[in-house]
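What follows is calculated from the coordinates using simple rules that are stated; it is not laboratory data. Everything numeric here is computed off the predicted structure, so don't read it as measured data. Note: ideal-geometry Cβ built from the backbone for every residue, glycine included; neighbour counts use all protein chains shown.
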Amino acid sequence: MRGAILGSGAVASSLGRAVPAEIAPRSILSQIMPRIPASLLVLFVASASAWAAARTPNIVVILSDDFGYGSTGAYGANGELIQTPNLDRLAKEGRRFTDASTTSSVCSPTRYSVLTGRYCWRTSLKHEVLGTFSPLHIETTRLTMASLLKKHGYQNAAIGKWHLGYGTATDSLKWRADYTAELSPGPLEIGFDYHFGVPSNHGDLTGVFVENHFVYGLRSGKIPAGMKLPGPDSDDPNFKATYGPEDTENGKATILALDAPRRVNERVMPQLTRKATEWIAQQKAGTPFFLYYTPVAVHNPITPEKDLAGRSKAGLYGDWIHELDRSVGGILEALDKGGFSDHTLVVFSSDNGGVFKPGRDSLQTDAFKAGLKVNGRLRGGKHDVWQGGFQVPFLVRWPGHVPAGTVCDEMISVVDLLATTAAIVGEKLPAADTGAEDSFNVLPAFLGQDATPARRDLFVHSSDGVYALRQGPWKWIEGVPVDEIKDGARKARADQFKPQLYHLKDDPAETKDVSAGHPDVVRELSALLHRYRDGGYSRELPPVVEKRPAPIATLSPVEGEVLLTAALDSAPTLPWAATRGVWTAHDGGLWGVQKNAGEQGATLRVPTRFTDGTLDYMIQFRGANRHSLRIETGAGSFRIEISRTQLGITKNPRSGEDKSGTEPLVRKALDLQPHVWYPVRLIFKGDEATAQVNDIALTARHAVLAEPKTALNFLVFGDSAGFRQVRVTR
Ligand SMILES: [Ca+2]
């Protein structure tokens, strides 16, 4: 019973204050308990529990996109510039949190945390966001808000921006989501009953919506025989026939070829609002529901609907904020109309702070120049390790339960929604190392109870992969980005890439690094950061884990005729040739660095001549995104692709063929550490190739693999990867 909102004594006592006695059964129970025999108590408790189950609230989580702390009236935005009456209404009818945090300063990682109660940096995604073609990033066996509520009889929908990937992540050719085919697993496989989504952003290169398992309105593709996919009417103003680079975020993406109706940017918000409100209207009293509604506003491109354009005094960005507010108003109105508002917990927040790069020309900068403090008084914004990237509006409304018109200063995080939801429905969380690893029950804070704050500490994590740990007034920034950071970014954000300590209570704008004066705090927070990070969870203190280096596989010796051998411990000499990028010998290997992102990878080429045989070499990653070994054959080529997280074999297009001639043959997940030499072995036999990297091996079959191999091209994308001890044996 502990944690069940209406079963816990502590909660019930608060409910007794906040709501009429007749809807707080435990209060009644406690009044009559002393006078009834123990045997009857069981019956009372059982019926109270059944009552609680029947009355668990609907839950609506509205997670907006890139919406900064200072971008709404309720959080101090100047009403002369923008007006947000619907968000302000939520604040008035509910509770406003002043220290609520996202887990990441970019989209996908925070979204992962919201649904799973786990920091995303515990997964393979250690920086930036998922791609449009990334597989589903949430394991289908993992506890999510949706799967938890499903168990309790909820109807669940995910409507809006998804950005958590579709399709299978391991051992599958569907490594790259195929939008012409069934997009599964996806939201429906992690507990949702309905999905209507924008794959990554409304400026992404798909230009489509996804409904459940397929692109909405897909007319041709890999559609199962006899299946007719629903789509819009031909005159639906939310759709158009073509979608071009000008519709995308950066204005130059190559648009994905799809036979499907395309989004109209200015109509995406109204369309999502309509889908969400229609879904709410279909819900029946007596069956609770969970709506995970994720508007695309106020992410780029900034595309307010025509009737709103020019209405704010903060430019198009202000109008775009109005669009978000209007959508929230639509949801609240749908709840009112359906008679749901009194039984619905509404949470509004954002996935990260607002874009704040005042040195750069943008609509956000225009708004800032007009006087709108996008992230309030906080430092930085989206992408950063500063508070402007994480501290976001967080509003909670639940009539009769959450005290209206109140403010709470407790430190909470969007990752807490899972444990809080579990408490609401009376579900015990699994062990801390198996689910909701980083999620705390903050229901007492929602309900305005004078409880000890749920959290002692909190992680935040920047787009560059920099960790920071908050505890009490302190924020300790570890200052170490991932290796993959490009030189330009490393310079531009150098101030984020060093250890530093801030006293957020005295200095909320993070102006003064006080680490020198508080070595004890630095020591303690740094140790705690390691312990939580290495221990796998943070909602309990994990045991100290000794971080052992990952084992390096020892490959068996290869017998046979040695055709080629090279230590690669000096500058390349014939027959080796560095044909692209920069190649330098150091640390016992030869290292490739791609010159600039625009050109192909750094290339080291060597002719060879074998058909069946074994190729061995060692590889080390120091920041390169990936290595590709392109093997030329008589008539074509294929490549072995190795990154720190993936191993794959792909047939390349033949000469004259375009990119559609690319054929991924096999894929598997890898987990390689940087700065470690790993063995690579490729064995060719007939039309079969086996690739092994450290202890992971996979096999592919294709006619091209049986052709005579005439040259090896070691390619490096990014900066840098090293090679040594190449050996070809026949
Ligand atoms: Ca975002």
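Observations, loosely collected:
- Phi to ³J(HN,Hα) by Karplus 6.51 cos²θ - 1.76 cosθ + 1.60 over the stretch 562-575, Hz, x for Gly, Pro: 7, 8, 8, 8, 8, 6, 6, 9, 8, 4, x, 10, 3, x
- Site-free segments of the chain were taken between GluC sites (Glu not before Pro) in DSSP loops having at most 13 other Cβ atoms within 10 Å, sites themselves excluded; the longest one is 81-539.
- In loop segments of the stretch 314-405 as defined by DSSP, the trypsin sites (Lys or Arg not before Pro) with at most 11 further C-beta atoms inside 10 Å of their C-beta are Arg360.
- Between the listed residues Gly73, Leu345, Ala445, the Cα displaced farthest toward the positive end of the dipole of the stretch 56-463, a dipole computed from Cβ unit charges relative to the Cα centre, is found at Ala445.
- The chain - charge dipole about Cα centre, Lys and Arg +1 at Cβ, Asp and Glu -1, debye rounded to 20: 420 debye
- Alpha carbon centroid spacing (whole Å) that separates the stretch 85-153 from the stretch 251-283: 21 Å
- Cα-centred dipole magnitude for the stretch 82-174, charges only on beta-carbon of K, R (+1) and D, E (-1), debye, nearest 20: 200 debye
- Residue-wise HN-Hα couplings along the stretch 454-463, as the Karplus relation 6.51 cos²θ - 1.76 cosθ + 1.60 with θ = phi - 60° gives them from phi, are 5, 9, 9, 9, 7, 8, 10, 8, 8, 4 Hz; Gly and Pro carry x.
- Averaging over all projection directions, the Cα-based convex hull of the stretch 525-594 occupies 9.3 nm² in the image plane.
- Sparse-neighbourhood loop sites, trypsin sites (Lys or Arg not before Pro) in the stretch 480-517 - DSSP loop, at most 11 other Cβ within 10 angstrom: Lys505
- Mean-position separation - Cα centroids, the stretch 506-531 and the stretch 692-730, in angstrom: 46 Å
- Annotation note: trypsin sites (Lys or Arg not before Pro) in the stretch 577-642 located in DSSP loop regions with a Cβ neighbour count of at most 11 within 10 Å are absent.
- Cα gyration tensor shape for the stretch 56-463, rounded if a/c is under 1.5, else prolate or oblate: rounded
- Amide hydrogen neighbours beyond the local backbone of Gly589, cut-off 5 Å, H modeled: none
- Student exercise, the stretch 56-463 dipole from Lys, Arg, Asp, Glu Cβ charges, in Debye to nearest 20: 160 debye
- Alpha-carbon radius of gyration plus Dmax, which is the widest Cα pair, for the stretch 216-286 in Å: 15.1, 49
- Dipole-positive endmost among Leu229, Thr110, Trp474 within the chain (Cβ charges, Cα centre): Trp474
- Taking a ≥ b ≥ c as the square roots of the Cα gyration tensor eigenvalues, the stretch 562-729 comes out rounded, since a/c falls below 1.5.
- Given charges at Cβ of Lys, Arg, Asp, Glu: the chain dipole, positive-most of Gly329, Trp386, Val676: Val676
- Residues Ser570, Ser64, Ser341, Ser108 in ascending order of nearby Cβ atoms (within 10 Å, fewest first): Ser570, Ser341, Ser108, Ser64.
- With a threshold of 27 Å on the Cα-Cα distance, the over-threshold entries among Lys382/Lys505; Lys313/Lys498; Lys161/Lys651; Lys151/Lys275; Lys306/Lys369; Lys275/Lys428 are Lys313/Lys498; Lys161/Lys651; Lys275/Lys428.
- Summed over qualifying helices (DSSP H, 4 residues or more, each -39500 (n - 2.57)) and divided by its residue number, the chain shows a 222 nm mean residue ellipticity of -6000 deg cm²/dmol.
- Cβ-derived FRET efficiency at R0 30 Å, Lys222 paired with Thr565, nearest 0.05: 0.05
- Entry note: the chain has Rg to Rh equal to 1.00, where both radii use alpha-carbon atoms and Rh is the Kirkwood radius.
- Under the shape rule built on the C-alpha gyration tensor, where the axes satisfy a ≥ b ≥ c, the stretch 476-535 is oblate, since a/c reaches at least 1.5 while a/b does not exceed b/c.
- Translational D in µm²/s for the stretch 257-390 (Stokes-Einstein at 10 °C, 1.306 mPa s, Kirkwood Rh from C-alpha pairs): 96 µm²/s
- Per-selection Kirkwood Rh - the stretch 104-172 (Cα, Å, 1 d.p.): 12.8 Å
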